[in-house]
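Below: one structure, written as C-alpha cells.
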Amino acid sequence: MSASSPVPQFSKDEIEDWLRVAHAAAQLAYSPYSNVRVGAALVGADGQVYSGCNVENASYGLTICAERSAITRAIVSGERRFRAIAIATDRPHALFPCGACRQVLAEFAPDLPVFTQGRASEIARSTLAELLPKAFLPKDLR
C-alpha cells in the first residue's frame, strides 16, 4: 500500500476463497494461442466477487485479460469500488497483471491489494501502487 493508505487486513480464508474463484475462472479461459489460462476474482466494496478469465483472439491485440474481464463484469453490475483482486493461473508460478490491466484497475482503486497464485506456488502479494508507481489517474486530468 502507499505510505498514506492503511493496509487492509484480510483473513487467510478470505484470500484463499478469492483464489479458488480465480482458479475456477482460469479453467474457463479461452487461450488457444498462448495456452496460458488466467482467472481473476475482483472483490467489490460490499464483498461481492466478480470473476473473469482471459479470452484470446487471433488478432492478438484484441485479447482480453482476466483482470479486465472481471472489472468489466463488475462495472456492468454497477460496482465502482473495490477491496482486492485475486489472480490465478495454470502456470507453475504466480503472474501479476500486465501494464494495461494495472492501468485499468488503477482507474478505480489505485491502492488495490493484489493476491496471485500459480498452480504450484505460494500466494504472492502486492498492491497496485507498488506495481504501478506514479500511475496516471483521473485526478491528473483536472
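Just so it is clear, none of the values below were taken in a lab; they were calculated from the coordinates. Please read these numbers as outputs of a predicted model, since none were measured by experiment. Counting neighbours? That spans all protein chains shown, and the Cβs are built from the backbone with ideal geometry, glycine included.
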Cβ neighbours within 10 Å, averaged per peptide: list 34-43, 89-98 in order, most packed at the top. 34-43, 89-98
Entry for Rg and Dmax of the Cα atoms in Å (calculated from the structure that is shown) out of (i) 14.3, 44; (ii) 15.2, 47; (iii) 26.6, 79: (i)
Can you give the % of DSSP beta bridges in the chain that are antiparallel, to the nearest 5? 75
Taking only DSSP H segments of four or more residues, each worth -39500 (n - 2.57), what value at 222 nm results for the chain once the sum is divided by all its residues, to the nearest 500 deg cm²/dmol? -8500 deg cm²/dmol
